[in-house]
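The values are calculated or read from the model by the stated rules, or taken from the named source; none is laboratory data. Predicted, not measured: the structure shown is a model, and the values here were computed from it. We place every Cβ from the backbone using ideal geometry, glycine too, and count neighbours over all the protein chains shown. Note: areas computed on protein heavy atoms with side chains; ligands, DNA, RNA excluded. Shrake-Rupley method; radii C 1.70, N 1.55, O 1.52, S 1.80 Å.
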Amino acid sequence: MWGPNAGGFSDTQAVTAEIQAIADQVKSQLEEKENKKFPMFKAVKFRSQVVAGMNYLIKVQVDEDDFVHIRVFESLPHENKPVALTSYQTSKGRHDELTYF
């Protein structure tokens, strides 16, 4: 199992418009898996890892005091594949560290 830095993930960073757009692209996938609609889906922190594409760990605020951690894979541009939700953790808090899962 990878530790926080063993897999080459960046330090935790503030969210950019690009990261919010990536989170938005997988919102429906998470809602389907959890069988619920999230009233809010605001990315607040992220980490990234360069692979044959890009892995992202993103902390997303889904309600006033409720957060989820999502792991997303973005393939290389020439592969022309949609962004995929690869894993997630629910019931996270604002101060829970964003670590590999």
**Report entry** Solvent exposure of the chain as accessible area per residue, Å², 1.4 Å probe
**Finding:** 58
Requested in this report: Match the structure shown to one of the listed values (1) -0.62, -0.67, -1.14; (2) -0.49, -0.56, -1.40; (3) -0.42, -0.48, -1.42 of log10 I(q)/I(0) by the Debye sum over Cα atoms at q = 0.13, 0.14, 0.24 Å⁻¹, computed from it, and give that label.
Outcome: (3)
Query - Dipole in debye (nearest 20) - the chain, about Cα centre, beta carbon charges: Lys, Arg +1; Asp, Glu -1 - result: 80
Report task. For residue 76 paired with residue 94, estimate the spin-label separation in nm (one decimal), with each label point 7 Å from Cα along the Cα-to-Cβ line. Result -> 4.2
